[in-house]
Amino acid sequence: MGAAQAPSVAEDAHLLTAAEVLGYIRAGELTVEQYAQALLDRIAERDSQVRAWAYLDRNHVLEQARALDAVPFEQRGPLHGMPIGVKDVIYTKDMPTQFNSGAYKGDFPKVDAAPIKLLRAAGALLLGKTTTTEFAATGEGPATRNPHDLSRTPGGSSSGSGASVGDFQVPVALGTQTGGSVIRPACFNGTYGFKPTWGRISREGLKFFSVTYDTLGFFARGVDDLVLLADAFGLHDDASLPAAPTTPPARLSRQSLDGSVDGLRLAVVRTLMWPHAGAGTRAAMDRAAALLRARGAVVDDVDLPPDFDRLPAWYDVVLAHEGGAAFLPEYRANRAHLGALLVGYAETSGGHSHRAYLEALDGIAALRPRADALFSGYDAVLTPSAPDEAPLGATTGSYLFCKMWSALHVPVLNMPGFQGAHGMPIGLSLLAPRYRDAQLLAVAAPVGALFEAEGGWTRRVHNKASSTAAAAVAPPLPMTTTTMSERFDVPTSNYGGVHGASHNNGTIS
């Protein structure tokens with residue numbers, strides 16, 4: 001990305017990736033408290049415009065940071081001091097979990113979800129809860145806005161996680177994906193977004209929409225940060241995983257990779273959704289293929305067999321049926337607080353019979369090993385993340401290009417680097433067969449670096465003033481404190497207290 005003067009470590013630490021920060025902390029050149037303060041200052045500067053946080057207690061953040069600084073070096077975990085935003089559908093024992101639902105406003109279950117337990121044990125600092133659509137299940141966004149253009153959506157349902165990482169308010173954040181709720185916000189906000197293989201991370205303590213699709217995912221501004229999280233969650237590949245007998249194994253020849261795409265073999269799969277692709281995504285796919293070929297990668301255009309054409313419709317049947325089961329308790333107990341879409345799920349399950357549900361489940365299940373076999377002949381598969389750049393308004397945009405991959409349970413990773421007609425980021429996805437998560441991350445490192453360097457979009461650090469015109473579309477909430485200078489609206493270098501905040505329905509104090 002564009003060059004800029006290197007920031008001082010403490011003052012401008014919010015510009016660092018998590019991997020860079022952990023290096024400074026381990027070297028004793030930066031404390032967890034200093035880093036947390038830098039992020040809180042950035043949030044104070046930008047939160048009234050971006051509105052990414054459903055809950056953030058400044059004092060509690062600093063208390064956690066001081067406690068982490070007091071831990072002896074030899075007792076520190078692999079993620080010691082890494083701040084993480086947590087989507088507000090994931091239980092946290094020291095913060096409320098409100099699901100963007102009036103029925104749960106201020107609700108404080110005081111229990112950690114399984115992924116949160118793991119992250120705490122690894123030494124992570126949980127910064128706050130990020131905004132979501134209602135129960136992570138609707139297309140109407142919270143008050144969160146895209147940091148690159150406040151008149152546009154950040155996507156959803158992991159709206160706050162994508163926007164906060166894209167705006168340098170936190171280096172990494174957790175999201176959840178049922179259809180496209182990690183990949184789409186990552187695409188719209190110019191971040192990396194990783195949805196691992198379904199079932200690889202425990203979902204205990206996460207609000208369900210679909211037991212067949214729901215998956216925890218990660219947002220970051222670099223692949224190195226995703227690798228840190230993947231290692232913490234044990235997302236290692238099984239080298240003995242058999243390939244289909246008629247398909248050659250993936251030819252990834254260097255797991256560490258050397259920063260080059262030379263020799264990689266990649267498939268381009270546009271899917272039957274390609275007619276819905278806008279000019280920005282079409283141009284990004286063409287540019288990506290040209291860049292890869294020019295650097296020595298083998299790039300093949302691959303069409304999915306006709307049997308896969310039924311997959312989107314089958315996805316919808318399973319989603320509606322399982323959504324009915326997921327929201328029936330809320331319908332019975334809190335109907336007055338439930339949105340019309342979720343009421344419809346609870347009342348009719350989409351109008352699908354059990355027989356149709358079973359047919360869809362079995363049909364999708366039969367396609368999964370076929371997809372694995374098809375993709376195993378390549379190091380990774382390149383495919384669109386979204387129809388185009390983030391649309392105007394509060395709706396979260398289309399997930400047409402994401403839902404079939406959620407149904408197939410394959411790992412998917414959005415990479416930024418391309419630009420739409422209005423200067424907004426456009427990302428593209430890499431995917432791999434199931435349980436090839438580490439392989440996918442290894443391939444994404446050089447591919448993502450190439451796209452960021454030559455794709456045409458440059459990440460910028462927006463300040464208060466730079467967003468004034470766009471902010472007029474929706475009046476900002478009052479600022480609380482402003483401690484950051486307003487000198488940042490420049491391309492980044494390769495550094496690449498708000499208690500009770502509720503940008504779902506409330507205010508910031």
Packing-based order for 380-392, 341-353, using average beta carbon neighbours within 10 Å, highest first
380-392, 341-353
Non-local residues with an amide H under 5 Å from the amide H of residue 268, with H modelled 1.01 Å from N and Pro and chain starts lacking one, are 300, 301, 302, 382
Could you give P(r) for region 30-138, binned at 10 Å from zero, as whole percent values over all Cα-Cα pairs?
15, 43, 33, 8, 1
Which entries of 110/403; 105/129; 93/403; 105/195; 117/403; 105/403 show an alpha-carbon separation above 25 angstrom in the structure shown?
110/403; 93/403; 105/195; 117/403; 105/403
Once the other residues with Cβ under 15 Å from the Cβ of residue 62 are scored (Lys, Arg +1; Asp, Glu -1), what is the net sum?
-3
Just want to confirm a number: the relative contact order over region 13-455, from Cα pairs under 8 angstrom separated by 6+ residues, in percent.
18
Straight-distance crosslink candidates among aspartates and glutamates, where the alpha carbon sits under 16 Å from residue 207 and sequence neighbours closer than 8 are dropped:
88, 107, 112, 134, 322, 330
Summing +1 per Lys or Arg and -1 per Asp or Glu among the other residues with Cβ less than 11 Å from residue 448's Cβ gives -1
Cβ-placed point charges (K, R +1; D, E -1), dipole of the chain about Cα centre in debye, nearest 20
440
Lys, Arg +1 and Asp, Glu -1 on Cβ, resulting dipole of region 124-246 about Cα centre, debye, nearest 20:
260
Taking K and R as +1 and D and E as -1, what net charge do the other residues with C-beta under 13 Å from the C-beta of residue 228 add up to?
-2
State to the nearest 20 debye the size of the charge dipole of region 91-176 about its Cα centre, where the only charges are +1 on K and R beta carbons and -1 on D and E beta carbons.
220
With each run of n ≥ 4 DSSP H residues scored as -39500 (n - 2.57), what mean residue ellipticity at 222 nm is computed for the chain after dividing by its residue count and rounding to the nearest 500 deg cm²/dmol?
-10500 deg cm²/dmol
Determine the principal axes of the Cα atoms in the chain, then give the extent along each, sorted from largest to smallest and rounded to whole angstroms.
59, 56, 48
Three-way shape call for region 125-231 based on the alpha-carbon gyration tensor, with the a/c threshold at 1.5
oblate
Considering the Cα trace of region 5-44, what is its radius of gyration and what is Dmax, both in angstroms?
9.3, 28
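Quick note: the coordinates plus some simple rules give every number you see, no bench work behind them. What you are looking at is a predicted structure, and each value in this text was computed from that prediction instead of being measured. When we count neighbours, we look across all protein chains shown, and the Cβ atoms used for this are built from the backbone with ideal geometry, even at glycine.
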